[in-house]
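Engineer: Structure in structure tokens, see below.
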Amino acid sequence: MTETPRRRGRPRKHPPRIDPGTPELQRHRALRAGGADPSLAEDPLALMAAKAMIEPWQAQAGRYYAWLYRKAVRWPHLSTNAHYEQLAMNAAPVPVESDEDFLALAHRLYLRGKRRLLREGATVARATENVAVFAQWPSFLEPQGPGRRAAMAHPAQGRRDAQQRSAIVLGLDALAQLYGMAERRR
């Protein structure tokens, strides 16, 4: 029996698989998710919504604010992201980001959001930006390992976590109201 020679190129019957990460990363995500969908454990807003700590419209308001931040503040380094976004979306040859009116509008909307957060307080603004813009994990979403359980037994840590959580919720509520996303709760 002779074998047929292998054809070059991608096999037709086997669709490409998404790499789930190393076993350690999978365990870490599952631990962080704590019963929720582990694929959501890469984004603090998505995990908070999956655990019903916030509503999906609040998470969307946080993501919108983060998008405005990136458009208004710009990263200080060179990036090819705009080119890849253009290729992925089959966008027009001229990226939208080069439109000065668009950037000015994004900047104004970002500043309105920043002022609204600061009206709620510096703690609220800092906590909301850390989660939404910089994707920093709040302490109450950290995996519940043995060391974390011992720290949670301390009442001061529990109060700090509750304060941080309420600050984030308050900030996301303010952003949702400002950007007109709060109506989605009805």
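Engineer: Treat each spin label as a single point 7 Å out from the Cα along the C-beta direction, and report the ASP37 to THR123 distance in nm.
Structural biologist: According to this spin-label approximation, the distance is 3.4 nm.
Engineer: What does the highest-first list of 111-122, 35-46, 61-72 look like by mean Cβ count within 10 Å?
Structural biologist: Going by the mean number of other Cβ atoms within 10 Å, highest first, we get 61-72, 35-46, 111-122.
Engineer: HIS107 to ARG8: FRET efficiency via 1/(1 + (r/R0)^6), r the Cβ-Cβ distance, R0 45 Å, to the nearest 0.05?
Structural biologist: It comes out at approximately 0.35.
No value in this document is a laboratory result; all are computed from the given coordinates. As the structure is a prediction and not an experimental result, all values here were calculated from the model. Cβ: placed from backbone, ideal geometry, glycine included. Neighbour counts: every protein chain shown.
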